[in-house]
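The values are calculated or read from the model by the stated rules, or taken from the named source; none is laboratory data. As the structure is a prediction and not an experimental result, all values here were calculated from the model. Backbone-built Cβ (ideal geometry, glycine too); neighbour counts: all protein chains shown.
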Amino acid sequence: MTEDNLQSSKRARKLRRVLFLAFGGLLAMMVVAGLDALHSLRQLDGIERQVSQRYSTHTQALTTILISVHVYHDRMERYLLSGESPESGTNVADVQNCGARVRDALQKYPADSEPEEQALLSEIQQKFSEQENAFTVLVRQQVGERPDERQERMGEQMMLRRAYILRISRDVSSLNDRKLMEAEQSMSASFRSVQTRLMSMVALSLLAGLLLSLLGGFYVSKLERQGRTRYQELVASRQELEALSARLVDAQEEERRSISRELHDEVGQTLGALLVDLGQLSKLVPAEDKFLQGHITRIKSIAEAAVKSIRNLALLLRPPMLDDLGLVPALEWQGREISRRGDMEVDVHSEAVSEQLADDVKVCVYRLVQEALMNAARHSGAKHAQVSVVQSRESIHVQIVDDGSGFPAERVRGMGILGMEERVKRLEGSLAIKSSPGKGTTVLAEIPAQRLEQR
Amino acid sequence: MRKIRILLADDHKLMRSGLRVLLEQQADLTVVGEASDGREAVALVASHRPDVLVMDIGMPTLNGIEAAAQITQSHPEIAIVMLSMHSDESYVLRALKAGAKGYLLKDSAEADLIRAVHSVGEGKSYFSPAVSKVLLDDYIRKLKRSGTEDPYDLLTPREREVLQLVAEGKSNKDVAQLFNLSVYTVETHRSNIMEKLNLHGVPELILYAVRKGIIS
């Protein structure tokens, strides 16, 4: 039994530890998943910002290049068409200045560009250098010279170069666009992966949670089952205890009865017979024989004392009145007996009490009244006590009221009171004791009718 | 002279033989049978028809009081002397209600038995002096503690005379003849006595008389 208990408690402890760890693990898993998702999202956000920034700087730089290229060519064309004149406000230095701006813009193009982009840019640079060179040649030749065929071809070439530069610029732009798109794609891919990861974590947590709650449910139901079993065991053992104490009361009563009978019938009657014989003897011995007569008288008084004490003992153990006369006369006898011995007067009142009461009911009521009266006479200094036994169709109602000093009923619980409770409970009855210092004591008992008649 | 025929009922052989020796020392008494329990007593009474039955109260199978009640029903002419260990009112009253004429304590049986048998044999009642004393003591104590008057003082001299005669076992007719009264007047006296003393029935009246020492 104890080994079983030990083992099961050990098992329970183990299970508890497992559950604790599992719940801890689940929580940790959820926290990790959350943190990871947060971290990834933050990272993604950073990347996105970086990408868009890069895109916008590249686009801006490219736009600056394009604008400067356009301005350069615009200035150059204007110069070539109208020559150096103050009206048009164009001169070589101005064009060269614009060229410098183009170079500057090309220089300022962000350095973090891809090789492909770099190649395109260097091609633009190269073409532009060629363009500038071509312009320089043209300007030198133009001074004082009429434009000729070669010049025109050069102009065409320059136009072509310009268109080429612009196309490359567009290529760069579209390259940037593609880069952005790629970045966005990769970002959305990594976002998807974060999503997948988070989702799988959630699914995993859910699964673990489900498993855990199953385990927990199993554990709880096991505990419940254990609790129920223990409760049943408790109830059973309490019932056993009650039955045992009932048997104890019965056994005690039976023992008392047999000892009482033995004392009263055997010892008492033998002494009685002895007394009769002694009387005979004293008649046979001449009255003048003082010596013998004195002896006989002494023996007689000893025998009488023995008879008296035996009888008192027998009465205390089990009053024969209960069997000879029934409950009410026995109670009346008891009341008078207490009145005779002490200062308390006992009145016994009875109503409709059956003469066919079951023995255990008689004994119960008798002992109850006995205990209550004894307590009143011994401890309370009561002058008067009233015993009332009333039988109705439903129950038998016993009440013992005294005018003694009383006691704090809610605190004092002697063996006598416990004994009363035990007896009354055995007959499915109820007992109430009302008392408080200075207010006397009332003992109330009720025994239901189904237990009253002889079985 | 006709002997008084006696039946002994006691569950103890020793007690019975002691009593038998005691009784048979008297020339006018004879023991016609012995019963060891109440049932046997009832049976032997029917077959032996004794004048007096001396019976212990505490006996197995059928106790003395119940046996006495049965015998009073079937043989009212038989005088019953109850033997008892107890001098308490409960026993005395029960014995009287069962029809016993005498009540004897076992302690004093040896001294009083002969007188008791003679008394009941003559149709009178007999109570051990110790019983009368206990009854009287209880009565006086109760009166004193409750502070009430003895209702006996409320009785008129004539009522007291009637009380004594009724307690001694006389019928209304006997009493009427004795005092030269009508039976009706005696009945009125009786009911007055009962009312003043708060008694219910002849057994209680006899008990009261014993208690007061009016009869013994």
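Miscellaneous remarks
- Failed item in (1) closer than 16 Å to B:Gly201 by Cβ; (2) surrounded by fewer than 22 Cβ atoms within 10 Å (Cβ to Cβ); (3) in contact with a helix residue (DSSP H, G or I) (Cβ under 8 Å, 6 or more places away or on another chain); (4) more than 11 Å from chain A (Cβ to nearest Cβ), with B:Thr72 passing the rest: (3)
Every residue, every condition in (1) within 14 Å of A:Gln399 (Cβ to Cβ); (2) within 14 Å of chain B (Cβ to nearest Cβ); (3) among the basic types (Lys, Arg); (4) touching a strand residue (DSSP E or B) at 6+ places or on another chain (Cβ under 6 Å), yes or no:
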| position | (1), (2), (3), (4) |
| --- | --- |
| A:Val328 | no, yes, no, yes |
| A:Gly335 | yes, yes, no, yes |
| A:Arg340 | no, yes, yes, no |
| A:Cys364 | no, no, no, no |
| A:Ala376 | yes, no, no, yes |
| A:Ala385 | yes, yes, no, yes |
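- The lone criterion from (1) within 14 Å of chain A (Cβ to nearest Cβ); (2) at positive phi left unmet by B:Gly99 is number (1).
- The set of residues from the stretch A:346-377 being within 12 Å of A:Val443 (Cα to Cα), in contact (Cβ under 8 Å) with a residue 40 or more places away in the chain and within 51 Å of the chain's Cα centre (by Cα) comprises A:Val365, A:Leu368, A:Glu371, A:Ala372, A:Asn375.
Table: residues versus (1) touching a Lys or Arg at 6+ places or on another chain (Cβ under 8 Å); (2) in contact (Cβ under 8 Å) with a residue 60 or more places away in the chain; (3) acidic (Asp, Glu); (4) within 13 Å of chain A (Cβ to nearest Cβ).
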position	(1), (2), (3), (4)
B:Leu135	yes, yes, no, yes
B:Pro151	yes, no, no, no
B:Gln164	no, no, no, no
B:Gln177	no, no, no, no
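- Scan of the stretch B:1-31 for residues that are in a loop (DSSP other than H, G, I, E, B), within 14 Å of another protein chain (Cβ to nearest Cβ) and under 18 Å from B:His118 (Cα atoms), ordered by number: B:Gln25, B:Gln26
- Matching residues in the stretch B:86-96 - criterion: being in contact (Cβ under 8 Å) with a residue 60 or more places away in the chain and either more than 10 Å from chain A (Cβ to nearest Cβ) or touching a Phe, Trp or Tyr at 6+ places or on another chain (Cβ under 9 Å) (or both): B:Glu89, B:Val92, B:Leu96
- The one condition in (1) over 13 Å from the mean Cα position of the chain (by Cα); (2) away from every other protein chain (no Cβ under 12 Å); (3) modelled with pLDDT under 90 that B:Glu122 fails to fulfil: (1)
- Single residue of the stretch A:216-257 satisfying the filter (among the small types (Gly, Ala, Ser) and surrounded by fewer than 12 Cβ atoms within 10 Å (Cβ to Cβ)) that is farthest from A:Leu19 (Cα to Cα): A:Ala251
For (1) among the hydroxyl-bearing types (Ser, Thr, Tyr); (2) over 30 Å from A:Asp74 (Cα atoms); (3) more than 55 Å from the chain's Cα centre (by Cα), each residue gets a yes or a no:
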{"residue": "A:Arg162", "(1), (2), (3)": "no, no, yes"}
{"residue": "A:Leu175", "(1), (2), (3)": "no, no, yes"}
{"residue": "A:Leu180", "(1), (2), (3)": "no, yes, yes"}
{"residue": "A:Met187", "(1), (2), (3)": "no, yes, no"}
{"residue": "A:Met201", "(1), (2), (3)": "no, yes, no"}
{"residue": "A:Ala208", "(1), (2), (3)": "no, yes, no"}
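- Checking each residue in the stretch B:85-119 for being of a type outside the set (A, V, I, L, M) and under 12 Å from the mean Cα position of the chain (by Cα) picks out B:Tyr91, B:Arg94, B:Lys97, B:Gly99, B:Lys101, B:Gly102, B:Tyr103, B:Ser119.
- Evaluation of B:Glu149 against (1) surrounded by fewer than 15 Cβ atoms within 10 Å (Cβ to Cβ); (2) touching a strand residue (DSSP E or B) at 6+ places or on another chain (Cβ under 7 Å) (one fails), failing number: (2)
- Checking every residue in the stretch A:267-282 against the condition of being more than 60 Å from the chain's Cα centre (by Cα), charged (D, E, K, R) and loosely packed, with under 13 Cβ neighbours inside 10 Å gives zero matches.
- Residues in the stretch B:33-65 that are surrounded by fewer than 18 Cβ atoms within 10 Å (Cβ to Cβ) and part of a helix (DSSP H, G or I): B:Arg39, B:Ala43, B:Ala46, B:Ser47, B:His48.
- Of residues in the stretch A:342-362 being out of contact with any Gly (no Cβ under 8 Å at 6 or more places or on another chain) and in a helix (DSSP H, G or I), the one nearest to the other protein chains (Cβ to nearest Cβ): A:Asp359
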